[in-house]
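Structure first, then comments.
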Amino acid sequence: MIKLKHVQKKYSDGYIALKDINLECKEGEITVLIGPSGCGKSTTLKLLNRLINPTKGKIYIDSKDISNINPVKLRRAIGYVIQHIGLFPHLTISENVAVVPTLLQWDNDRIEKRVDELLDLVGLDPETYRNRRPSELSGGQQQRVGVIRAMAADPSIILMDEAFSALDPISREQLQDELIRLQKDIKKTIVFVTHDMDEALKIADKIVLMKDGEIVQEGTPENILRHPANDFVKNFIGKKRLQQVADIPIAEEVMNRKPATTFPNRGLAESVKMMERRQVDSLLIVNDQNELQGYITIYDVLYQYRDETKRVCDILQPFQHAISPDTLLTDVMQMIDEYKLPYIPVVNEEKKLLGIVTRGSIVGFLSDIYPPQTGVM
């Protein structure tokens with residue numbers, strides 16, 4: 001978790017780069033800072049690893065005031081990827097990736113294993129690329145090495161400053177896809193600076209739109225697309241993108257608002273009866289505050305049914321996937337198809353259950369919008 005509280009950056013010539021910035025970057029999410037040149041996004045990024053220090057305000061990482069942390073120690077614990085890659089041309093790819101682990105005095109076997117593991121992770125065969133020099137790689141391959149170098153010491157936070165902007169469009173899109181794929185596995189807290197709205201919409205969990213040293217709007221990509229705060233945001237997003245989204249339904253419009261639920265302390269016999277009554281083969285589990293806890297299926301219940309001491313809490317399974325109410329229907333359908341889900345729960349920011357989207361609710365919604373035409377020859 002990263003928090004900026006009332007952060008200001010004023011330079012000696014009187015220029016104020018940042019004005020009272022308050023921001024949270026959640027653990028395990030990609031937060032994208034975006035805005036026109038001079039808006040303060042790169043300045044914000046540099047504050048996080050103390051390349052510069054704030055004039056006013058505090059910055060916290062995992063509740064620790066970073067002004068009390070040695071800057072060198074802090075930087076070695078944070079991955080950093082820059083626009084122009086920044087690989088050392090005189091070092092091999094293996095040596096480039098191993099820079100921080102070497103500074104941290106890892107043993108050689110551990111370093112070699114980590115380098116090979118990371119090269120594999122981004123599709124670069126260790127046997128082929130380990131001993132090459134940066135000049136022997138394409139721009140896209142070099143940037144892949146730049147990304148895994150930032151990951152080498154397994155930092156919880158990675159900062160990426162215009163990381164893909166120097167690449168050609170094809171390589172850039174490939175790296176964006178790679179980052180999304182990697183993030184599903186590594187779950188790092190990533191702060192990503194870009195000036196490209198398409199890039200931000202594609203990779204971000206949260207977008208922070210800045211102008212003149214201030215945050216103009218922050219939220220999920222769906223929220224910003226559907227509810228731009230003002231004309232500046234609308235113009236920055238662009239009319240074409242806004243028009244493309246305007247006619248796409250969101251999860252809230254499609255979901256079943258009354259899914260079959262029960263509480264963790266309920267018995268298994270009662271759960272079977274509820275499934276029978278609601279004509280479903282699974283139940284969603286919520287606590288007294290309606291916070292989603294997981295689910296049970298009829299198969300889970302029947303497997304443990306003879307044990308009268310068992311409760312729902314003993315057999316519930318956590319959900320691997322959930323969506324917010326403003327998730328676009330196209331994204332919902334893609335998730336259901338990709339992960340072969342019978343349904344997907346809809347929760348708010350407090351993880352409270354709002355409903356579920358099922359294949360049936362999607363079909364029902366679409367049939368209401370596009371009713372069958374009769375009498376057409």
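Some observations on this one:
- Enumerated strands (runs of 3 or more DSSP E) restricted to segment 139-228, each holding at least 1 residues that are aromatic (Phe, Trp, Tyr), within 18 Å of residue 83 (Cα to Cα) and in contact with a strand residue (DSSP E or B) (Cβ under 9 Å, 6 or more places away or on another chain): 189-194
- Residue match in segment 211-218 (condition: without any contact (Cβ under 8 Å) to a residue 60 or more places away in the chain and in contact with an Asp or Glu (Cβ under 9 Å, 6 or more places away or on another chain)): no
The rows are residues; the columns are (1) loosely packed, with under 13 Cβ neighbours inside 10 Å; (2) at pLDDT 95 or above; (3) under 22 Å from residue 175 (Cβ atoms).
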site: 2; (1), (2), (3): no, yes, no
site: 18; (1), (2), (3): no, yes, no
site: 22; (1), (2), (3): yes, yes, no
site: 51; (1), (2), (3): no, no, no
site: 76; (1), (2), (3): no, no, no
site: 79; (1), (2), (3): no, no, yes
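- Flag if residue 164 is at pLDDT below 90, out of contact with any His (no Cβ under 7 Å at 6 or more places or on another chain) and not polar (S, T, N, Q): yes
- Residue among 47, 91 that is surrounded by 14 or more Cβ atoms within 10 Å (Cβ to Cβ) and at pLDDT 95 or above: 47
- Only listed residue being over 22 Å from residue 202 (Cβ atoms), in contact with a Phe, Trp or Tyr (Cβ under 7 Å, 6 or more places away or on another chain) and either among the aromatic types (Phe, Trp, Tyr) or not assigned by TED's automatic domain parsing to the domain that holds residue 203 (or both), chosen from 319, 263: 319
- Sole exception among (1) touching a helix residue (DSSP H, G or I) at 6+ places or on another chain (Cβ under 6 Å); (2) surrounded by 15 or more Cβ atoms within 10 Å (Cβ to Cβ); (3) not hydrophobic (A, V, I, L, M, F, W, C) for residue 57, by number: (1)
- Within segment 283-308, being farther than 14 Å from residue 264 by Cα and either part of a loop (DSSP other than H, G, I, E, B) or in contact (Cβ under 8 Å) with a residue 40 or more places away in the chain (or both) holds for 305, 306, 307, 308.
- Of the criteria (1) acidic (Asp, Glu); (2) surrounded by 15 or more Cβ atoms within 10 Å (Cβ to Cβ); (3) assigned by TED's automatic domain parsing to the domain that holds residue 39, which one residue 300 fails: (3)
- Residue check for residue 363: modelled with pLDDT of 85 or more and either among the polar types (S, T, N, Q) or buried (at least 17 other Cβ atoms within 10 Å of the Cβ) (or both): no
- When segment 320-340 is filtered for residues that are buried (at least 18 other Cβ atoms within 10 Å of the Cβ) and within 30 Å of residue 302 (Cα to Cα), the ones remaining, listed by number, are 323, 336.
- Failed item in (1) surrounded by 14 or more Cβ atoms within 10 Å (Cβ to Cβ); (2) under 20 Å from residue 166 (Cα atoms), with residue 37 passing the rest: (1)
Residues are listed down the side, and each one gets a yes or a no for (1) farther than 30 Å from residue 363 by Cβ; (2) modelled with pLDDT under 90:
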| residue | (1), (2) |
| --- | --- |
| 194 | yes, no |
| 213 | yes, no |
| 216 | yes, no |
| 239 | yes, yes |
| 247 | no, yes |
| 251 | no, no |
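- Taken over segment 113-137, the criterion of being within 14 Å of residue 152 (Cα to Cα) and either surrounded by fewer than 16 Cβ atoms within 10 Å (Cβ to Cβ) or of a type in the set (Ser, Thr, Tyr) (or both) is satisfied by 113, 117, 120.
- Hits in segment 5-14 (condition: assigned to a strand (DSSP E or B) and surrounded by fewer than 21 Cβ atoms within 10 Å (Cβ to Cβ)): 5, 6, 8, 10
- Among the residues making up segment 115-129, none is in a loop (DSSP other than H, G, I, E, B), modelled with pLDDT of 90 or more and either in contact with an Asp or Glu (Cβ under 7 Å, 6 or more places away or on another chain) or among the β-branched types (Val, Ile, Thr) (or both).
- Residues of segment 85-140 satisfying the condition of being touching a Ser or Thr at 6+ places or on another chain (Cβ under 6 Å) and hydrophobic (A, V, I, L, M, F, W, C): 115
The values are calculated or read from the model by the stated rules, or taken from the named source; none is laboratory data. What you see is a predicted model; the values in this text were computed from it and never measured. Cβ: placed from backbone, ideal geometry, glycine included. Neighbour counts: every protein chain shown.
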